[in-house]
């Protein structure tokens, strides 16, 4: 059983990236048959993979997608147009191979594992009491931590949980300031009345736990959810195992965000793969001083945005591995 | 031999998309296990593929990349940091499999064909005379037209040609207004003095051919290049053969742009895959009322931006083909 104090201690001593491996990538890039920097972000991504894999020639042989699922007591407040039963139904759909992420994972050459967290026991309604006790929170963090295979080359994280954009918005507000109206979005498709309810629910949650939530871990326990805690744990495990991470949309980014609040650079091993159409994500990406890789108007979760970005990394790596140098190809370098 | 008049006539009678196929895609999308619209642009892309393939269930079995290469007399004005010999050297690099597009094409599951156009005979310096005669222009259009295999499911277009961002900027200015300073970018890496030269060269070209270039085809002949003309021809052929097109960056988009100027909706079968870091591209995308799919800071050409986008389409199509419906999966639809 991990405890708050143990998590905090681990965050104080996070492994750093490998600047030498990154420099080796940058040096090789200058020799390849293209104008300097002309592959743009593809070049940056290869350097980032090298830095966090601690390998001068990074690999994408083992790309893993982890999707965590949880249920939320706050759904009792009418914050989603879908009933909470859909979380377990969608876990069944993942197992049967019928969801979007099943198709995208296959197309991306990635393995998919779905981890449901006590779906039969929703978190408490955070307008009333903390969503999770510290023990419940730490158990979910540990589940996420342990789900990461240490030999993974790239980890894509995602979630499923009816009501969890409400939890994510409340957590984001606790970590970065603002209110329900700043962070709430329409989730799976709320109407205007639902949006007003959702904003109010978030504001009541923030008020209810005001004396606790200046601490990022306490905020995640009071306002988050089990799948969010598991994503936090998986992000931490990835850092410990030298695994770069692709974060998915709003919920996933909010779940990992406490790591950036606990230690500067805590999310340097993570790239936000896709900026969600869910309202709060663009604000959250900016608050983390990140730039998302893709902007395709997606707002599904399930790690779908992360998985869509995997081939972009593969393209960058293929160039880095396979391109000829100016000397090899007999191509004149700049005059 | 195609002639100006024949091209113009063909453009007046372009095939339209298949609204029924598009509607069939939209209808199926509402049944799949995801909130409505939550796959964002992925859903739009599948509908677009269906519309222009004229197939209710589109395919991406035969994805073809065509890269056209040409040389430009305007390089004599010092508008590129690379010598013009690099065009032929890079064609050799493509043939040997050492360029970026070779790696990205392979990763995207696409075939690659490179078509050099009279590299030993550069176009004329457009500050002095028309880059091409109408006959030369039409011959290059025909080469591009004939390079398109009618059974292609998706066509990615790109180019290689030292000096061709100068030609593209001049053509864009002729088609959409503005001057060298509005449209010129640093190309493969021009310094400030080179940029000033390039802008002046464009302005001199626009002045030299002012009485001709209100006609889009004449503008493309006077200011463009053989590889640009071939891209125009290939884009036209794709429309005739019901093949959706992914356009690459600035040069490629400028090359295809006359089609949009000749007839409203002339580029509706084309998506701009990636907005280049080359300065003029964002302006050109806006002038065409398009929204690029990706924004990864690339500025290489070679169809690299188009090829990087192919897996995004594959992901969208995989979802459309493979996802379960709410009924099949036993998932509750919205309350």
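We did not get these values from a lab; they are worked out from the coordinates using the rules stated. Only a predicted model underlies this, so the values are computations on that prediction, with no experimental measurement involved. Ideal geometry is used to build each Cβ from the backbone, glycine not excepted, and the neighbour counts take in all protein chains shown.
Measure nothing but the geometry: give the 0 to 90° angle between the long axis through the Cα atoms of B:192-208 and the longest principal axis through the Cα atoms of chain B, rounded to 10°.
Compared with the principal axis, the helix lies near 80 degrees.
Once the label point is set 7 Å along the Cα-to-beta-carbon vector, what list of distances in nm do you get between residue B:109 and its counterparts in the other copies?
1.2
At 222 nm, what value in deg cm²/dmol follows for the protein assembly as shown if DSSP H runs of at least 4 each add -39500 (n - 2.57) and the sum is divided by all its residues, to the nearest 500?
Working: 30 runs with 336 residues, N = 670.
About -15500 deg cm²/dmol.
Using the Cα gyration tensor of region B:62-144, with a ≥ b ≥ c the square roots of its eigenvalues, what is the shape: rounded (a/c below 1.5), prolate (a/b larger than b/c) or oblate (neither)? Working shown, then result.
Working: a/c = 2.99, a/b = 1.59, b/c = 1.88.
Verdict is oblate for region B:62-144.
How many partner chain Cβ atoms sit within 10 Å of a residue's Cβ in peptide A:321-328, on average, as a whole number?
The shielding value for this peptide is 4.
For chain A, set up a Gaussian network in which alpha carbons nearer than 10 Å are linked by springs, and say which option among A:292, A:303, A:193 fluctuates the most.
Looking only at A:292, A:303, A:193, the biggest GNM fluctuation is shown by A:193.
Under 1.5 on a/c is rounded, so check that first for region B:11-60, then, if it is not, pick prolate when a/b is larger than b/c and oblate when it is not; a ≥ b ≥ c are the square roots of the alpha carbon gyration tensor eigenvalues. All intermediate terms of the calculation are to be shown ahead of the outcome.
On the way: a/c = 2.61, a/b = 2.28, b/c = 1.15.
Verdict is prolate for region B:11-60.
Viscosity 0.890 mPa s, temperature 25 °C: give me the Stokes-Einstein translational D for region B:60-312 in µm²/s, with Rh taken as the Kirkwood radius over C-alpha pairs.
Numbers: Rh = 17.3 Å.
Once the numbers are plugged in, D ends up at 142 µm²/s.
Counting pairs of alpha carbon atoms under 8 Å apart in space and at least six apart in sequence, what relative contact order in percent does chain A give?
24 percent
Of the residues A:322, A:265, A:70, which exhibits the maximal mean-square fluctuation in a Gaussian network model of chain A defined by a 10 Å Cα contact cut-off?
Judging by the Gaussian network model, the answer is A:322.
Taking chain B as a Gaussian network, Cα atoms linked when under 10 Å apart, which of B:248, B:125, B:44 shows the biggest mean-square fluctuation?
Result for chain B, Cα springs under 10 Å: B:44 fluctuates most.
Report, in degrees rounded to the nearest 10, the 0 to 90 angle that the Cα long axis of helix B:85-96 makes with the longest principal axis of chain B.
Helix B:85-96 sits roughly 30 degrees off the main axis of chain B.
For each of B:138, A:252, A:211, A:11, count neighbouring Cβ atoms within 10 Å of the residue's Cβ, then give the residues from fewest to most.
Fewest to most other Cβ atoms nearby, the residues stand as A:211, A:11, B:138, A:252.
So the label point sits 7 Å from Cα along the Cα-to-Cβ vector; using that for residue A:181, what distances do you get to the other copies, in nanometres, sorted shortest first?
Residue A:181 label point versus its equivalents elsewhere: 4.3 nm.
Over all directions, how big on average is the projection of the convex hull of the alpha-carbon atoms in the protein assembly as shown, in square nanometres?
About 27.7 nm², averaged over all directions.
According to the square roots a ≥ b ≥ c of the eigenvalues of the Cα gyration tensor, what is the shape class of region B:258-302, taking rounded for a/c under 1.5, prolate for a/b larger than b/c otherwise, and oblate for the remainder?
Note, shape of region B:258-302 comes out prolate.
With no solvent and one equal point scatterer placed on each C-alpha of region B:126-243, evaluate the Debye formula and give log10 I(q)/I(0) for q = 0.12, 0.13, 0.20, 0.23 Å⁻¹, two decimals.
-0.45, -0.52, -1.03, -1.21
Looking at the axis that maps chain A onto chain B, which chain A residue has the closest Cβ, and how far off is it in Å, rounded to a whole number?
Here the value is A:311, 2.
Across peptide B:39-45, how many C-beta atoms of other chains are within 10 Å of each residue C-beta, on average?
6
Would you mind pulling out the separation of the Cα centroids of region B:55-74 and region A:226-302, in Å?
That distance is 35 Å.
How far is helix A:41-53 tilted, in degrees, relative to the longest principal axis of the Cα atoms in chain A, given as a value from 0 to 90 rounded to the nearest 10?
80 degrees
Counting partner chain Cβ atoms within 10 Å of every residue's Cβ in A:148-156, what's the average?
Counting Cβ atoms of other protein chains within 10 Å of each residue's Cβ and averaging gives 0.
Please arrange B:34, A:129 by counting, for each residue, the other beta carbons lying within 10 Å of its beta carbon, fewest first.
A:129, B:34
If you put a point 7 Å past Cα along the Cβ direction, how far is that point for residue B:83 from the same point in each other copy, in nm, smallest first?
Those separations, rounded to one decimal, come out as 7.5 nm.
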